[in-house]
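The values are calculated or read from the model by the stated rules, or taken from the named source; none is laboratory data. Just so it is clear, the model here is predicted, and its values are computed rather than measured. Cβ sites come from the backbone with ideal geometry, for glycine too, and all protein chains shown count toward neighbours.
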Amino acid sequence: KKLASFPKDFLWGSASAAYQVEGAWQEDGKGVSVWDEFVRIPGKTFKATNGDMAVDHYHRYKEDIALMKEQGLKTYRFSVAWTRIFPNGRGEVNQKGLEFYHDLIDELIKNDIEPMLTLYHWDLPQALQDEYGGWESRKIIDDFTNYATTLFEAFRGKVHYWVSLNEQNVFTSLGYMLAAHPPGVQDPKRMYAVNHIAFLANATVINKFHEMNMPGKIGPSFAYTPNYSIDSNPKNVLAAEDAEDLMANYWMDVYMWGKYPIAARNYLLEQGWAPEIEEGDQELLESAKPDFLGINYYQTATNMFNPLDGVGMGKMNTTGKKGTSEESGIPGMYKKVDNPFVNRTNWDWEIDPEGLRIGLRRITSRYRIPVMITENGLGEYDKLTENNEIHDEYRIEYLSNHVHAIREAISDGATVLGYCTWSYTDLLSWLNGYQKRYGFVYVDQDENQDGSLARYKKDSYYWYQKVIQENGENS
Ligand code: GCO
């Protein structure tokens, strides 16, 4: 099959999130977020690592942007910490916080890098969690809209790419089903209730953006894990369909169509877990039209029929030792099993570039919407040599195979606006500390959090520089 070229204005980028890079957790009037609190609960994160200092991007953003410029990056995706703008979630704007993002954005623009701004990357103001339970109350819709509108007004004309919610499926599942993220709850009914409210907040903000005639585009970022069946046994094929409905379409259909997938909705009703849909909700969800769908792609999931044997939510690998994750699934429906055809990272994430092409094709035929790859990358141990080099050929292989898969998906007919690798510099992996590295730029930070924070370019940095120069022509 003939390979298409990447579009001329393709956004070669890279991404980060405020809590994972900024540090300065109490500086310039910043309020406390749910993550600032959560990391202080013993046993919650790997060796109790936290983002108090992270990789100090708050003070070193100029140095980081200079590296981006030298590399030729076209876009940088970052998130705004809500608690810098509104320390208590609402009320008066903290000017110093707003100023920081003005400076960051101006610096990017000055260096010909398109800023891509994520409104919400999980660091909810603790004040809103305490006051009304955060995402469990519809009150958050107004507060989130007010916060978003403040940023729309402030950065109108400067920022043209906006991500509304980052990985709603992840922060709600880990926060309310697995108790691995704040607020540490394990209750499916609450998790689906929270999602319904997050969908409403997302729709309201997208509508607001369009009502304000904001120049640019907005969409949510979804962590898409396409589902496969282990084989052609019809029972297993159905299991994979159930998984795709409950784990993927449940979010994407609502973002794109404002409708819950029918089989999934019926299953939740039967379980007593379905969210309550109030008058006006349906209209609101259907009225919001994202300009693109952001996709964070890391892996696929392989499924088979799950008899009623009690396989539950499973356990994530947060140790960095292969084979320490446990099976997950829904009794009577599906369970996730190892795919014998792909390799895994040390954190048991399946490496499957072809899955990205498959996912992009599914999205394209189901929704006919442009896609922004807002994240894709490899978290691994990296080694700094004596000459301050990092030979991360495994990352180059991972990324180049994914770039190739995107090119094939474009050839298939997908519209892909850009590709942000995760991540630009090494950063704090929420649960896994600083040992799981994703960046093009190595940061000297160890698990005891006493590194020098010096930056070093990895081999993958130079590889991407070339990809950008050639606009992906040799991928
Ligand atoms: C980790 C994760 C994150 C996510 C990102 C999601 O190791 O903590 O991989 O870095 O990819 O925050 O948007």
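Give just the number: which of (1) in contact with a Ser or Thr (Cβ under 7 Å, 6 or more places away or on another chain); (2) small (Gly, Ala, Ser); (3) surrounded by fewer than 23 Cβ atoms within 10 Å (Cβ to Cβ) does Gly43 not satisfy?
Condition not satisfied by Gly43: (1).
Select, from Val194, Val237, the only residue that is free of Cβ contacts under 8 Å to residues at least 12 places away in the same chain and part of a helix (DSSP H, G or I).
Details: Val194 fails: free of Cβ contacts under 8 Å to residues at least 12 places away in the same chain.
After applying the criteria, what remains is Val237.
Given (1) of a type in the set (A, V, I, L, M, F, W, C); (2) away from the ligand (no atom under 16 Å from the Cβ); (3) outside any helix (DSSP H, G or I), identify the lone condition not met by Met372.
Unmet for Met372, out of (1) of a type in the set (A, V, I, L, M, F, W, C); (2) away from the ligand (no atom under 16 Å from the Cβ); (3) outside any helix (DSSP H, G or I): (2).
Starting from residues that are buried (at least 18 other Cβ atoms within 10 Å of the Cβ) and among the β-branched types (Val, Ile, Thr), keep the ones in the stretch 266-301 and report whichever is farthest from the ligand (Cβ to nearest atom).
Top of the filtered list is Thr300.
Can you tell me how many residues in the stretch 201-243 are of a type outside the set (Phe, Trp, Tyr) and over 19 Å from Gly294 (Cβ atoms)? Walk me through it before giving the result.
Taking the stretch 201-243 as the starting set, the residues that turn out to be of a type outside the set (Phe, Trp, Tyr) are 201-208, 210-221, 223, 225-227, 229-243.
So of that shortlist, the ones also over 19 Å from Gly294 (Cβ atoms) come out as 211-213, 227, 229-243.
The number of residues fulfilling the criteria is 19.
I'd like the full set of residues that are modelled with pLDDT of 95 or more and either surrounded by fewer than 14 Cβ atoms within 10 Å (Cβ to Cβ) or among the acidic types (Asp, Glu) (or both), limited to the stretch 1-15.
Within the stretch 1-15, Ser5, Lys8, Asp9 meet the criteria.
Confirm whether Asn388 is surrounded by fewer than 18 Cβ atoms within 10 Å (Cβ to Cβ), in contact (Cβ under 8 Å) with a residue 24 or more places away in the chain and not in a loop (DSSP other than H, G, I, E, B). Steps first, please.
On the way: surrounded by fewer than 18 Cβ atoms within 10 Å (Cβ to Cβ): yes; in contact (Cβ under 8 Å) with a residue 24 or more places away in the chain: yes; not in a loop (DSSP other than H, G, I, E, B): no.
For Asn388, the condition - surrounded by fewer than 18 Cβ atoms within 10 Å (Cβ to Cβ), in contact (Cβ under 8 Å) with a residue 24 or more places away in the chain and not in a loop (DSSP other than H, G, I, E, B) - is not met.
Take the stretch 104-139 and flag every residue that is of a type in the set (Asp, Glu) and within 16 Å of the ligand (Cβ to nearest atom). Explain how you work it out, then say what you get.
We begin by selecting, within the stretch 104-139, every residue of a type in the set (Asp, Glu); these are 106-107, 112, 114, 123, 130-131, 136.
If the condition is that a residue be of a type in the set (Asp, Glu) and within 16 Å of the ligand (Cβ to nearest atom), then Asp123 is the only one that fits.
Could you tell me whether the stretch 160-177 includes any residue that is among the charged types (D, E, K, R) and in contact with a strand residue (DSSP E or B) (Cβ under 7 Å, 6 or more places away or on another chain)? It would help to see each step written out before you state the result.
As a first pass, look at the stretch 160-177 and keep what is among the charged types (D, E, K, R): 167.
Filter once more, keeping what is in contact with a strand residue (DSSP E or B) (Cβ under 7 Å, 6 or more places away or on another chain): 167.
The answer is yes, given that some residue of the stretch 160-177 is among the charged types (D, E, K, R) and in contact with a strand residue (DSSP E or B) (Cβ under 7 Å, 6 or more places away or on another chain).
What residue, among those in the stretch 423-461 that are within 12 Å of the ligand (Cβ to nearest atom), within 20 Å of Glu70 (Cα to Cα) and among the small types (Gly, Ala, Ser), is surrounded by the fewest Cβ atoms within 10 Å (Cβ to Cβ)?
Result: Ser423.
Scan the stretch 209-225 for residues that are over 22 Å from Glu153 (Cα atoms) and either more than 16 Å from the ligand (Cβ to nearest atom) or of a type in the set (Val, Ile, Thr) (or both) and jot them down.
The one that is over 22 Å from Glu153 (Cα atoms) and either more than 16 Å from the ligand (Cβ to nearest atom) or of a type in the set (Val, Ile, Thr) (or both): Thr225.
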